[in-house]
Amino acid sequence: MSKRGSLVCVGVGMTLGSHLTPLCRSYIEQADVVFTGLSDGVMELWIAQMHPDVRSLQQYYREGKPRTETYREMVEAMMTEVRAGKKVCGAFYGHPTVFALPPRKAVAVARGEGFDAHMEPGVSAEDCLYADLGIDPGEVGCAHYEASQFMFYRRRIDPSAYLILWQIGIAGDQSVTRFSTGAEYRQVLVDLLSPDYDGNHEVIAYKAATLPTQRPRMDRMKLRDLPKADLDIHFTLVIPPARALEPNTELRRKLSRLDRSKKDTAGENSAAFSTDRLRMRLIDECDRELFCTLYSDPSTMQLIGPVLTRATALRSFGKALRMSREPSQAWRSYAVVDGASGETLGFCGFNRSKSLIREIEAGIILRTEARGRGYGREAFDGLVRHALMQPAIARVFARTAPANAPMTAILQSVGFSECEITDSTATWSIARTSVPAQNSRRTQHEQVTIHA
């Protein structure tokens with residue numbers, strides 16, 4: 001019975017000797033014949049040391065020859081040996097499915113003819129790009145395109161995410177025969193990008209290192225200077241975000257209502273205290289984005305305090321979340337929730353004074369659309385009453401800018417007295433004995449029910 005042929009295409013990674021996995025190496029060493037599609041002659045010599053019959057596929061490339069014909073010949077070269085009953089290994093630089101048509105096509109043909117065929121992954125140029133440039137594609141998003149394909153078809157660009165264009169050195173090549181295109185072609189690309197990116201926007205031309213003695217190329221330039229850059233087929237254009245992420249407020253409101261309904265149904269995270277219109281619950285992970293949005297918004301923070309960067313806001317949220325779960329009750333942060341819609345309107349909370357054990361500082365921050373409707377006064381009054389019901393708390397104080405008229409009005413209406421004022425800060429306080437009785441309220445929505 002004749003020997004049954006097989007095919008495995010492996011990725012050897014980008015850098016000589018650094019990225020080849022033990023499994024991929026074993027496939028190379030145990031094959032009857034090895035075909036290589038590598039980016040560097042030194043890497044071909046390295047693979048040749050692992051096997052006595054190594055055949056380079058680079059011989060099929062020629063300037064002016066359609067790459068589609070080159071790829072067909074490469075596939076046929078591998079399949080000829082598979083059909084002859086040999087164990088064939090195709091070793092390709094990077095990852096065997098990333099910008100590598102011959103291995104994908106060869107595996108598909110082999111499977112179609114009934115042969116065993118599969119691929120083994122390798123470290124790709126994309127992996128190296130993330131590591132060398134310090135990019136996390138999950139942070140703001142990342143869109144990848146082959147540069148020419150990006151130009152040939154209508155695409156919806158998102159300037160708030162990374163845009164990565166591969167093979168920038170042949171951008172705009174419709175012939176599929178060239179190994180480089182000129183400045184005029186890259187100028188067409190710059191013109192295509194100009195509605196979404198300013199000409200002064202910084203971009204990066206990236207090229208991974210293929211030898212241990214090399215360093216990756218990370219050439220930073222202005223977008224308008226891209227046509228003048230000296231770039232070959234191996235360069236990738238990295239365009240960082242040009243604007244901040246835009247929150248989908250309406251969708252997040254729907255999700256918040258869904259989160260609340262799920263938790264209410266399960267009996268989880270019930271309200272710590274409530275007023276007629278509002279429920280105050282301890283913050284949880286679903287509040288992260290709104291928290292960061294409010295504390296990094298200049299208009300919201302104008303009369304509250306310094307505007308936080310997103311990184312600082314994330315750390316502050318993490319601390320507030322962690323401290324709110326501590327049993328000591330020295331720090332509590334609550335989400336202010338509209339009882340009717342389930343929508344989160346903002347946050348209120350308190351933290352204990354380090355110098356005065358029985359005193360706490362209270363504060364509140366609301367979304368723009370929740371202001372001017374009495375929610376601030378209602379939530380803050382409920383917060384103060386809730387705090388002063390704790391036996392260990394005798395006094396609540398609050399600090400605000402003297403120019404913050406809305407907060408000053410809230411403090412006065414709740415019963416706070418001004419005790420200290422400077423050019424930048426007014427300090428107000430209220431003691432347990434100063435809190436008016438609940439039944440003295442004149443409006444229904446100010447009545448507070450405590451669920452301590």
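Laboratory data are not the source of any read-out in this text; all were calculated from the coordinates shown. As the structure is a computational prediction, the values presented were derived from the model and not from experiment. So basically every Cβ, Gly included, is an ideal-geometry build from the backbone, and we count neighbours across all protein chains shown.
Taking the C-alpha atoms only, the angle from helix 375-388 to the longest principal axis of the chain is near 70 degrees. Residues whose amide H comes within less than 5 Å of that of residue 196, counting only those at least five positions distant or on another chain, are absent (H built at 1.01 Å from N in the peptide plane).
Taking the three principal axes of the alpha carbon atoms in the chain, the coordinate ranges are 96, 55, 39 Å, sorted in descending order. Summing charges over all other residues whose Cβ lies under 14 Å from the Cβ of residue 295, with Lys and Arg as +1 and Asp and Glu as -1, gives +2. Each residue of segment 91-100 was assigned a 3J(HN,Hα) from its phi angle through the Karplus expression (A = 6.51, B = -1.76, C = 1.60, θ = phi - 60°), giving 10, 10, 5, x, 10, x, 10, 9, 6, 9 Hz with x at Gly and Pro. Kirkwood analysis of the Cα pair distances in segment 88-142 returns a hydrodynamic radius of 13.0 Å. Oblate is the label for segment 151-239, because the ratio a/c of its alpha-carbon gyration tensor axes (a ≥ b ≥ c) is 1.5 or higher and a/b is not greater than b/c. Inter-label distance, residue 340 to residue 84: 8.1 nm, where each label sits 7 Å from its Cα along the C-beta direction. Rounded to the nearest Hz, the phi-derived 3J(HN,Hα) couplings of segment 225-238 under the Karplus curve 6.51 cos²θ - 1.76 cosθ + 1.60 (θ = phi - 60°) are 8, 4, x, 7, 6, 8, 10, 9, 5, 8, 7, 10, 9, 10, where x marks glycine and proline. Estimated translational diffusion coefficient (Stokes-Einstein, Kirkwood radius over Cα pairs, 25 °C, 0.890 mPa s) of segment 6-123: 177 µm² per second. With a ≥ b ≥ c taken as the square roots of the eigenvalues of the C-alpha gyration tensor of segment 270-421, please select rounded if a/c is under 1.5 and otherwise prolate if a/b is larger than b/c or oblate if it is not? Here segment 270-421 falls in the rounded category. Cα centroid separation, segment 26-72 to segment 191-246: 30 Å. Given contacts defined as C-alpha pairs under 8 Å and at least six residues apart, what's the relative contact order of the chain, whole-number percent? About 11 percent, as a whole number.
Since only 376, 12, 138 are under comparison, the one whose Cα sits farthest along the positive direction of the charge dipole of the chain, derived from C-beta charges on Lys, Arg, Asp and Glu, is 376.
Specify the angular offset, from 0 to 90 degrees and rounded to the nearest 10, of the alpha carbon long axis of helix 249-266 from the longest principal axis of the alpha carbons in the chain. Tilt relative to the chain: about 70 degrees. Mean separation of Cα pairs under 8 Å and 6 or more residues apart, divided by the residue count, gives segment 135-239 a relative contact order of 31 percent. Per-residue ellipticity at 222 nm computed for the chain from its helices equals -9500 deg cm²/dmol, with DSSP H segments shorter than 4 residues left out and the rest contributing -39,500 (n - 2.57). The count of lysine pairs in the chain that are at least 8 places apart or cross chains, and whose C-alpha atoms lie under 27 Å apart, stands at 17. Using θ = phi - 60° in the Karplus curve 6.51 cos²θ - 1.76 cosθ + 1.60, the 3J(HN,Hα) couplings for segment 139-151 round to 6, 10, x, 7, 10, 10, 9, 6, 4, 5, 4, 4, 7 Hz; x is entered for Gly and Pro. In terms of its C-alpha gyration tensor, segment 156-314 comes out prolate, because a/c is 1.5 or above and the ratio a/b outweighs b/c. Quick check: net charge around residue 94, other residues with Cβ under 12 Å of its Cβ, Lys/Arg +1 and Asp/Glu -1? Neighbourhood net charge equals -3.
Principal-axis analysis of the Cα atoms of the chain puts helix 405-414 at an angle of about 50° to the longest axis.
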